[in-house]
1. Does Asp200 satisfy the criteria of being over 16 Å from the mean Cα position of the chain (by Cα), among the acidic types (Asp, Glu) and under 30 Å from Glu104 (Cα atoms)?
2. Against the definition (under 26 Å from Gln221 (Cβ atoms), outside any loop (DSSP other than H, G, I, E, B), more than 33 Å from the chain's Cα centre (by Cα) and among the hydrophobic types (A, V, I, L, M, F, W, C)), how does Ala473 come out, yes or no?
3. Which ones in the range 534-566 are of a type in the set (S, T, N, Q) and surrounded by fewer than 21 Cβ atoms within 10 Å (Cβ to Cβ)?
4. For residues in the range 631-647 being in contact with a Gly (Cβ under 7 Å, 6 or more places away or on another chain) and farther than 25 Å from Thr567 by Cβ, which is most open to solvent (accessible area, probe 1.4 Å)?
5. Of all residues being in a loop (DSSP other than H, G, I, E, B) and among the acidic types (Asp, Glu) in the range 151-192, which is least open to solvent (accessible area, probe 1.4 Å)? Just the residue, please.
6. I'd like to verify a number: residues in the range 38-70 that are at pLDDT 95 or above, part of a helix (DSSP H, G or I) and open to solvent by 70 Å² or more (accessible area, probe 1.4 Å), how many?
7. I'm trying to understand the selection: among the residues of the range 195-226, which are touching a residue at least 40 places away in the same chain (Cβ under 8 Å), open to solvent by 20 Å² or more (accessible area, probe 1.4 Å) and over 14 Å from Ala171 (Cα atoms)?
8. Leu182 - would you say it is under 29 Å from Leu466 (Cα atoms), aliphatic (A, V, I, L, M) and touching a residue at least 60 places away in the same chain (Cβ under 8 Å)?
Amino acid sequence: MGKRLLSVGGLLACAAAVLAQNGDKAGETQAERVPAHLIPPAPVLSPVDQIGTFRLPEGFRAEVVAAEPLIATPVAAQFDHQGRLWVVEMTGYMRHVDGSGETESNGSIVILKDTDGDGRMDQRTVFLGGLVMPRSVMLFREGALVAEPPRLWYARDTDGDGQCDSKELVADDYATQNDPKLGAKSNPEHASNSPTWALDNWIYSANHTTRFRWRGGTNWQRGVTIFRGQWGLSQDDLGRLFYNSNSDPLRADFVPTAYLERNPNLRQPFGGNVQIERDMKVNTLRVNPGVNRGYQPNQLTADGKLATFTGACGPVVYRGDQFPDSFRGDAFLCEPTGNFVRREKLTEKDGVITGANAHPGAEFLASLDERFRPVNMMNGPDGCLYVVDMARGLIQHRIYLTSYLRKQIESRQLQAPNDQGRIYRIVHAGKARRVETLPAKPAEDALLAKLDHPNGWWRDRAQQLLVESRNAALAPRLREMVKATKTVGARGRLQALWTLEGLEQVDLATLEAATEDPSPEVRAAGLRLIDGQLRGTQREQAMLLLMRRAGFLSGPEQLQLLFTLTTAATPQADTVLRVLLMNGPSSTLRQDAAISGLGGRELEFLEGLLSDPICGPEKKEHAALVKRLAQCVAVEGKPARVDRMLEVASLQKTGDWQQLALLDGLASTVPAVVKGRPAPAVKPVRFASQPKGWEALQRIEIPEIRERLERVAPMIAWVGDGKTQVEAKVRELSESEEASFKRGKELYMVVCGACHQPHGNGQEGLAPPLKESEWVLGSEARMVRMVLHGVRDAITVKGQKWELNMPAFNEALEDQQIADSLTYVRREWGNTAAPVSVETVKRIRAETAGREDSWTEAELLKVP
């Protein structure tokens with residue numbers, strides 16, 4: 001976990017070199033940066049002594065919940081409603097520096113129990129043993145969902161003895177990057193994990209683009225979802241998902257991301273997978289020479305401490321009731337390479353969440369012990385926060401392990417022991433810890449009451465158990481809870497509403513009550529569920545309800561209203577949509593919420609908007625909305641529709657903000673040409689003759705218009721315009737090249753997809769787009785060098801500057817694998833560049849064999 005996320009994926013490592021590690025760069029100097037006499041010893045401490053090395057804010061303390069020999073190598077855990085703790089033991093992980101033994105069946109899911117009520121687990125039952133590198137557990141019905149790559153099992157305990165007696169296969173393509181069949185290529189650091197039953201009754205995972213929903217019996221529904229993070233997943237009270245990756249401490253989905261996938265013309269819609277913490281600086285208590293690239297400049301501070309995040313993982317949103325109220329809703333995350341836990345204070349404005357270190361200059365929990373390795377966290381039924389500690393010296397996987405780190409491990413005897421593990425409870429002194437449990441099969445009355453519990457752990461558990469019951473007879477009582485605004489809290493009403501949805505018992509009368517609820521969160525949930533009714537047999541009645549309530553919803557729920565109105569897709573709904581957009585605040589989140597549902601009809605909505613008096617001269621602050629709509633029409637690229645938009649632009653009052661915004665939208669699809677950099681790819685819209693609107697616009701002499709027309713010009717082409725009109729035909733791939741493309745597609749999802757995303761559009765603040773990138777479509781020699789040796793510092797892609805620290809793959813990937821991956825990205829997502837041959841990679845590898853550093857943009861631009 002000590003490598004930046006840009007190295008994500010089972011890098012499909014080659015056979016290990018005799019004198020080097022997979023993580024080494026060719027010719028790289030790995031000098032020690034911290035003198036040996038400044039490195040304190042790292043003795044093996046008992047759990048109690050380890051707590052003595054912790055530094056926590058005043059009023060907090062840590063308690064031992066479980067430790068070796070009761071558990072070994074824990075990586076995830078989850079409480080059940082009986083107070084038992086289910087723990088995933090990934091016993092095979094890095095037992096030796098060379099990583100041998102990872103295919104052995106020595107992993108387990110164990111159930112821990114506190115039999116004497118002293119708060120510490122003292123009984124161990126192996127629920128399911130003989131597993132190869134298990135990585136996740138999620139309680140479900142009579143047992144749990146268990147992730148054992150490449151399978152997701154439903155493991156059942158049918159007789160209640162705490163041991164699995166049957167398994168049903170839910171998926172055979174889960175965490176495939178860690179499939180034991182890959183042998184030395186199997187990568188546990190970057191594979192699917194953390195299946196989580198979310199508020200909307202879907203099961204989401206980190207590092208996985210499939211979501212699951214149980215529909216009863218053995219019926220599992222699968223759905224496509226976005227890529228989320230690396231290790232760990234959590235949700236807040238509203239069901240918004242939070243996650244992170246090595247060097248990117250916290251991201252979140254502000255909205256249900258399925259909405260954002262509706263419109264293929266909407267580029268990089270805002271609201272899903274948003275970076276909410278941009279400050280990467282960390283504050284450790286001790287020097288940290290034992291990080292994988294501690295020899296590199298800027299990895300450590302001048303005094304030898306970790307400078308920035310390099311192993312962030314295991315986030316959790318605190319939803320308990322034991323800490324002071326000011327902690328509720330904050331996010332906590334682990335940093336095992338720096339031996340600390342960060343608390344992020346989250347703030348929200350107009351639906352946008354931002355995070356900042358809640359303890360500037362320090363961390364919430366920091367340890368002086370190098371063997372304290374927090375890798376996961378969870379809320380507990382007692383309202384406390386729980387930390388899963390792998391408790392070992394070596395945490396870096398062999399695929400990324402550098403010779404520098406191996407020397408650190410061996411010279412300071414950090415490899416052993418590797419069979420320890422601790423789980424700690426973080427408690428605040430200001431409130432007594434309250435232990436609550438329910439029997440194995442709780443009464444429905446008790447579960448209904450728990451839906452309104454102040455601790456989110458209980459609300460979630462009650463909802464899941466009620467949905468799992470499939471008992472439709474509970475619907476009347478749940479509907480009453482939704483309506484009980486004086487006796488049931490807002491969070492309880494929200495959870496009751498989603499429980500109804502899980503039981504498939506939502507009705508319009510309840511949704512009407514929800515949209516009239518005093519809580520904007522409940523109103524938003526009601527609107528979201530009306531969306532489903534608009535797609536069903538009660539569409540007409542749902543439309544009437546939506547239109548009747550739309551004018552009375554002026555709070556934060558308007559964001560959801562924008563989504564739902566576009567699902568309605570009627571003239572009346574569009575009229576309301578225009579009013580909401582133009583009278584509300586101008587924000588990318590609101591704009592994209594609306595445009596995400598306008599796929600294929602952005603032009604019509606745009607014309608209606610511009611002809612509406614509400615879009616007058618005084619509404620200039622909404623120019624971004626008009627620009628975004630125009631951009632979608634340009635991305636769609638249909639000549640007749642672009643022609644009409646040009647005509648609409650020409651008919652606007654000359655020089656007014658509306659005309660400028662329309663042209664800005666068109667121009668935004670044409671990457672800026674930067675002197676000295678590769679010319680960006682431009683695919684023009686081809687017309688049979690000169691568009692009338694374009695001709696009319698050309699007659700305008702205002703400088704602001706002329707400048708925009710010049711930027712738009714590369715995308716406008718017609719027969720007889722004097723430009724090259726014959727579009728080069730894309731050469732079909734040969735049989736061997738097609739095979740390379742297919743191999744590259746599989747490799748991309750493992751190596752590159754976590755950063756650049758399956759859609760190739762990249763991630764804000766982390767990885768630039770590959771789709772239509774001038775670098776991808778340009779010199780293959782530059783691309784090969786990038787993959788071989790990495791890229792650092794600033795680089796401009798499609799007119800946007802990115803700060804990169806992309807690692808080298810020269811040791812991790814073979815020549816054929818590099819050729820395959822580059823062939824794929826140069827021919828996917830509409831890219832039309834030539835494939836890359838293995839011979840080209842071999843030649844360039846030989847030419848650059850002595851290179852020690854990553855490439856910079858300036859250096860790459862000198863390569864033809």
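1. Here the answer is no, as Asp200 does not meet what is asked.
2. In short, yes.
3. Once the filter is applied, which keeps residues that are of a type in the set (S, T, N, Q) and surrounded by fewer than 21 Cβ atoms within 10 Å (Cβ to Cβ), the range 534-566 yields Thr537, Gln538, Gln541, Ser554.
4. Glu647
5. Step by step, filter the range 151-192, then rank; the result is Glu189.
6. Within the range 38-70, residues that are at pLDDT 95 or above, part of a helix (DSSP H, G or I) and open to solvent by 70 Å² or more (accessible area, probe 1.4 Å) number 2.
7. If the condition is that a residue be touching a residue at least 40 places away in the same chain (Cβ under 8 Å), open to solvent by 20 Å² or more (accessible area, probe 1.4 Å) and over 14 Å from Ala171 (Cα atoms), then Thr196, Trp197, Ile226 are the ones that fit.
8. No; evaluated as a whole, the condition is false for this residue.
The values are calculated or read from the model by the stated rules, or taken from the named source; none is laboratory data. Quantities reported herein were computed from a predicted structural model and do not represent experimental measurements. Here the Cβ is made from the backbone with ideal geometry for all residues, glycine too, and neighbour counts use every protein chain on show. Accessible surface is based on the protein model in full, side chains and every heavy atom, while ligands, DNA and RNA are left aside. Shrake-Rupley method; radii C 1.70, N 1.55, O 1.52, S 1.80 Å.
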